[in-house]
Amino acid sequence: MASKLTISSGQCSDAGIKPDNEDFHGITEPNEPQLTLKGIAIAIADGMSGSDAGKVASQASVIGFMSDYYSTPDSWSVKHAAQKILSTTNNWLYSTGQAKYQSTKGLVTTLSILILKSNTAHIFHVGDTRIYRLSEGHFEQLTHDHRIWVDDKKSYLNRAMGIEPHLDVDYRSVPLQPGDIFFLSTDGVHDFVPEKQLKRLIIEYSGDMQRGAETILEAARAEKSDDNMTCQLVRIESLPLQQEDELLRQNANRPFPPPLEPDMILDGYRIERELHASKRTQIYLAWSSRSIR
């Protein structure tokens, strides 16, 4: 396994049939030591249609996050740092929208962020931009759309950056493995290109992320997308050794084994007998199942 995190990536954005592009996106791959301390950040935003300044909101959210995240204390966790920044950005969007435009729709945008650090992907999400992952042939949407449908044709965002003073951001983390491909998109892409087609194109262009992103936008255009179109592709090429906190977090989610008795099989080992027991530890003599066949 390589000693550092490396990726290949591609991204593409177009106004489509609209006169202005209110989407915004970015990828930051820092050098060491920030690559290890902070990781790689990928972000995509879609300024809300009908807002007074959706384009300003999407740009401010992405550029502001990319700048502020790498300036946070190294002692902060990814989750703590991102949530602090997003809360501050949301307050600015909301208060500025209220003051300048006298409207709750003044500076509103969706925002999805993917941070790759060591062997873990951290996901922060609000709105209806999306993050997918293609891993071992399985294509999965990792985010949930914050959109309420009134009927078959009408819907509205119920959560986004800048809508209200309090921000509720979805967060999750998933383990990484080499070959994983993450796909980020705005609704001008994923609302028009079926998931089966997205998966096929991502697999077809897995060796050329930039060409893959461009081809997916071409597919959205061919499907008569009526919105701005933006997508990003990120492939995990290599990973460093797992950090101690990641191992602890993964092990913390595993269940405790039952009380051990002679002749029980646990993880491929047959329990022979107990050698020592205290309030905190138990030591057993065990034999590998392979050695006793």
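The numbers here are math on the coordinates, done by the rules we state, and not lab data. Note that this is a predicted model, so its numbers are computed, not measured. Backbone-built Cβ (ideal geometry, glycine too); neighbour counts: all protein chains shown.
The helix-based estimate of mean residue ellipticity at 222 nm for the chain, built from -39,500 (n - 2.57) per DSSP H run of four or more residues and divided by its residue count, is -8500 deg cm²/dmol to the nearest 500. In this simple spin-label approximation, residue 158 and residue 282 carry label points 7 Å from Cα along the Cα→Cβ vector, and these lie 4.6 nm apart. Between residue 171 and residue 242, the FRET efficiency from the beta-carbon distance, with R0 = 30 Å, is close to 0.90. When peptides 168-177, 155-164, 106-115 are sorted by average Cβ neighbour count within 10 Å, with the highest value leading, the order is 106-115, 155-164, 168-177. For the chain, the longest principal axis of the C-alpha atoms and the axis of helix 195-204 are separated by about 70°. Normalising the average separation of contacting C-alpha pairs (under 8 angstrom, six or more residues apart) by the number of residues puts the relative contact order of segment 186-234 at 55 percent. Once the Cβ-Cβ distance of residue 222 and residue 95 is raised to the sixth power relative to R0 = 41 Å, the FRET efficiency obtained is 0.50. Computed on the chain, with alpha-carbon pairs under 8 angstrom and 6+ residues apart, the relative contact order is 23 percent. The lysine pair count for segment 6-241, using Cα distances under 26 Å and pairs eight or more places apart or on different chains, is 29. Placing +1 on each Lys and Arg Cβ and -1 on each Asp and Glu Cβ, with no other charges, gives segment 19-78 a dipole about its Cα centre of roughly 140 debye. A full extension of the chain between residue 8 and residue 138 corresponds to an added length of 44.8 nm, given 0.36 nm per residue minus the alpha carbon distance. How far apart, in nanometres, would the label points at residue 211 and residue 17 be if each is projected 7 angstrom from Cα along the Cα-to-Cβ direction? It works out to 3.0 nm between the two label points. Charged side chains reduced to their Cβ positions (Lys and Arg at +1, Asp and Glu at -1) give the chain a dipole of some 660 debye around its Cα centre.
Kindly express, to the nearest 10 degrees and within the range 0 to 90, the angle between helix 78-101's C-alpha long axis and the longest C-alpha principal axis of the chain. It is inclined by approximately 20 degrees. Extension gain, residue 84 to residue 148: 0.36 nm times the residue separation minus the Cα-Cα distance gives 20.4 nm.
Name the residue from 230, 61, 259 whose Cα lies farthest towards the positive end of the charge dipole of the chain, charges +1 on Cβ of Lys and Arg and -1 on Cβ of Asp and Glu. Going by the charge dipole, the pick is 259.
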